[in-house]
Amino acid sequence: MKIETIAIHAGNKIDGNTGAAIQPITLSSTFERGEDGGYPGGFIYSRIDNPNRKSLENVVAKLEGAEDAAAFSSGNAAGSAVFQALGAGAHIIAPDDMYHGLRNQLLQVFEGIIEVSFIDLANINAIKNAIKQNTRLIWVETPSNPLLKISDLKAISELAKSKGILVACDNTFSTPVFQKPLDLGCDLVMHSSTKYFGGHSDVIGGVLACKNNDDLWKKIKNVQVLTGAVPSPFDCYLTVRGIKTLPYRMRGHAQNAAKVAAFLDSHNQVEKVFYPGLKAHLGHDIAKNQMSDYGGMLSFLVKGGADEARKFVNSVKIFTQATSLGGVESLIEHRASIEGPDTKTPQNLIRVSVGLENAEDLIQDLNQALG
């Protein structure tokens, strides 16, 4: 099946009792045992598994071309499950502009448990030089957050395999509509399903998908069940509903983002635009090879510093000044303010999640805010 068909049907199960065309929400926390002590429906307790969670995991696995998937209560919980499964003493190589939530998790929650090196993953030689005897995992974001750096997934995966190291890719920005990390050699894929999967800024979640149902994956699934950081049935239902329109929404996001990026790139109040669809973007050629389109996220540097950046985001009318991304509405933020005093993000950087409004309206709003 093609991706549009998978998105609509792989997460749905027609109800056998009522014939409901859309799978109902199963809120029950527990399930009845049969006379023989077994579970006729295959479900025991909703922390362990639930019909709605199973549907979500199935559609994500099918979209990513994965052997299995595991849903969590947030993207941070999904990342944490991977880090926990690696065990104490593991060394991770991660992006120097890693999403700040996972970066802080590694530095604070896993302090003294996991060792981490933050490097430029767009530089394959830097990765080679960072590998240690205890390196277990290379964690990739491509495009990265918020600098939209592009990492060569094939090259990283080939290097990792030669050293017996795993590769996990945060595919939140691209989604499987535009990028398939498992096909490019990665072992694990992670999503904050809060973002494009949900698509409407009304649900929190995370999900992992695996290339192979191996021992590490079994540990990850064990972490999911035993720590209990799982999404509610309603959260799963909302995410599955969002996924049904994912392929069409992603095309709209990318089309609008390309127009907005081109406008910003030509504006005299903009210092630099970070969008892989621009030919001048450092990772454009790699992105062109490993992505089918360039996504709906971009960032740019306004001329000036933090004061000018804050003035700009306070002047927009259609864009909503808010964190997060991937909803149908366009969001904008002064990223350094979100990340806090230890941020490495430039003080004049603006991150934009380009929504599905009319692109001309978005451009006019940016233009008036830039003055």
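Couple of notes before you dig in:
- Here Gly199 fits the description: in contact with a helix residue (DSSP H, G or I) (Cβ under 6 Å, 6 or more places away or on another chain), farther than 30 Å from Lys132 by Cα and open to solvent by less than 10 Å² (accessible area, probe 1.4 Å).
Quick grid of which residues meet (1) buried (at least 19 other Cβ atoms within 10 Å of the Cβ); (2) small (Gly, Ala, Ser); (3) farther than 23 Å from Arg335 by Cα:
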site	(1), (2), (3)
Asp96	no, no, no
Gln108	no, no, no
Ile119	no, no, no
Val140	yes, no, no
Gly164	no, yes, yes
Asp170	yes, no, no
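- Of the residues making up the stretch 238-248, those that are open to solvent by 50 Å² or more (accessible area, probe 1.4 Å) and in a helix (DSSP H, G or I) are Arg241, Tyr248.
- For His267, the conditions (1) part of a loop (DSSP other than H, G, I, E, B); (2) within 21 Å of Leu63 (Cα to Cα) are fulfilled apart from (2).
- All positions within the stretch 3-16 that are farther than 17 Å from Cys236 by Cα and either touching a helix residue (DSSP H, G or I) at 6+ places or on another chain (Cβ under 9 Å) or buried (at least 16 other Cβ atoms within 10 Å of the Cβ) (or both): Ile3, Glu4
- Among residues of the stretch 285-320 being of a type in the set (Ser, Thr, Tyr) and closer than 17 Å to Leu349 by Cβ, the one that is most open to solvent (accessible area, probe 1.4 Å) is Ser315.
- Of the residues making up the stretch 340-360, those that are open to solvent by less than 50 Å² (accessible area, probe 1.4 Å) and polar (S, T, N, Q) number 4.
- The residue that is most open to solvent (accessible area, probe 1.4 Å), counting only those in the stretch 208-237 that are in contact with a helix residue (DSSP H, G or I) (Cβ under 7 Å, 6 or more places away or on another chain) and closer than 12 Å to Val82 by Cβ, is Lys219.
- Flag if Ile363 is β-branched (Val, Ile, Thr), surrounded by fewer than 23 Cβ atoms within 10 Å (Cβ to Cβ), under 21 Å from Ser174 (Cβ atoms) and at pLDDT 95 or above: no
- Condition check for Ser315: in contact (Cβ under 8 Å) with a residue 12 or more places away in the chain, of a type outside the set (Phe, Trp, Tyr) and closer than 21 Å to His253 by Cα: no
- Any hit, the stretch 25-45, residues being of a type in the set (A, V, I, L, M) and either within 26 Å of the chain's Cα centre (by Cα) or open to solvent by less than 60 Å² (accessible area, probe 1.4 Å) (or both): yes
- Among residues of the stretch 113-141 that are farther than 17 Å from Lys161 by Cβ and free of Cβ contacts under 8 Å to residues at least 24 places away in the same chain, those with a Cβ under 6 angstrom from a residue that is open to solvent by less than 60 Å² (accessible area, probe 1.4 Å) and part of a strand (DSSP E or B), sequence gap 6+ or separate chain, pair up as Ala126/Ile119.
- Subset of the stretch 55-79 [in a loop (DSSP other than H, G, I, E, B) and buried (at least 23 other Cβ atoms within 10 Å of the Cβ)]: Ala66
- Condition met for Pro146 (open to solvent by less than 10 Å² (accessible area, probe 1.4 Å) and at pLDDT below 95): yes
- Top-ranked residue of the stretch 249-284 - restricted to ones that are touching a residue at least 12 places away in the same chain (Cβ under 8 Å) and of a type in the set (Lys, Arg), ranked as least open to solvent (accessible area, probe 1.4 Å): Arg249
The values are calculated or read from the model by the stated rules, or taken from the named source; none is laboratory data. Predicted model, so just to flag it, every value in this text is computed and none were measured. Note that we place each Cβ from the backbone using ideal geometry, even for glycine, and neighbour counts take in every protein chain shown. To get the accessible areas, we keep the full protein, side chains included, count just its heavy atoms, and leave off ligands, DNA and RNA. Shrake-Rupley method; radii C 1.70, N 1.55, O 1.52, S 1.80 Å.
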